[in-house]
1. What is the magnitude of the charge dipole of region 129-257 about its Cα centre, with +1 placed on the Cβ of each Lys and Arg, -1 on the Cβ of each Asp and Glu, and no other charges, expressed in debye to the nearest 20?
2. What FRET efficiency do you get for residue 223 and residue 109 if R0 is 45 Å and r is their Cβ-Cβ distance, rounded to the nearest 0.05?
3. Quick one: divide the alpha-carbon radius of gyration of the chain by 2.2 N^0.38 Å and tell me what you get.
4. Using the count of nearby Cβ atoms within 10 Å as a rough guide to exposure, how do 241, 138 rank from fewest to most?
5. Considering only 231, 109, 139, whose Cα is most displaced toward the positive end of the charge dipole of region 109-257, charges sitting on Cβ of Lys, Arg (+1) and Asp, Glu (-1)?
6. Please state, rounded to one decimal and in Å, the Kirkwood hydrodynamic radius that region 13-147 gives when every pair of distinct Cα atoms enters the mean of 1/r.
7. What does the charge count near residue 88 come to, summing +1 for each Lys or Arg and -1 for each Asp or Glu among other residues with Cβ under 15 Å from its Cβ?
8. Anything over 26 Å Cα to Cα? Flag those among 93/113; 27/93; 93/199; 57/220, in the order listed.
Amino acid sequence: MNENNAAMSAVWNRLSDHITKKETEIKGFSADELMASIFCPGPYYYYVVDFFDMQIKHMCPTIQEVLGLNPETVKFEDILARMHPDDMDFVVKAEETILKYIYENIGGQNILKYKMSYCFRFRTADDTYQLFQHQAIVLSVDEHGSFGKSLNIHTNINHITEHNSHKVTLMGIMGENSFVQLDLKPAIPPITSASLFTKREKQIIRLIADGLKNKEIAAKLFISLHTVKNHRKTILEKAAVNSSSELISKCITEGLI
């Protein structure tokens, strides 16, 4: 067992009370619907891992071009081995912090309603280390609320920023309107908000990230150009940034969208 795999296994062993001891079923799983609600602004792949037996149940073929790993033979430990060794302490802390926060503050019964996110470096197909955004959604739980299968999405964001904010986020999805951000460097109390951005503002941010201009956004959302400009001004003020490029960079690295 390599060092990365051992470190991550130690986290899950410490949290073994929250990991199911039996096979669980995914209810109403739609990959397209879930992926549509997750922002992937760069080369990415996704997979489903079962924490019951630590096996990959589904692997997206794009892992070949992103990490250089064969989607037909790749194992969970192969993915862990591609993480930058200097980032492992943060990743371990991030996993443990997120899961403890969920079970101690949100409640295991609500774990299916949240997306978890943070950043770290991966060794890519061209053998260089680049910054990735890790996003995870729990897909199945047992009758005790212990999680089983998880959808993990890894997106290369090195073209956006090479800076790791060392923040982890929990964002409500599928109608759950909540947002929690935890800063792990330095350690400060969690920043919580029912919703930093409104639903409309999130729509506009995603369209800005897609490269749409104000007129195009107005036409897309059936609102006036004046309304779009007001929304953009409010969004920049809330995010405490001065430009659209700064906005997108901050939203991606801090998991605000």
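1. That gives a dipole near 600 debye.
2. 0.75
3. Ratio of Rg to 2.2 N^0.38 Å for the chain: 1.02.
4. Ascending Cβ contact count within 10 Å gives the list 241, 138.
5. The residue sitting farthest along the positive end of the dipole is 231.
6. It works out to 16.0 Å.
7. After counting each charged neighbour, the total is -2.
8. The answer is 27/93; 93/199; 57/220.
The numbers here are math on the coordinates, done by the rules we state, and not lab data. Please read these numbers as outputs of a predicted model, since none were measured by experiment. Please note: Cβ atoms are built from the backbone with ideal geometry, for glycine as well, and neighbour counts cover all protein chains shown.
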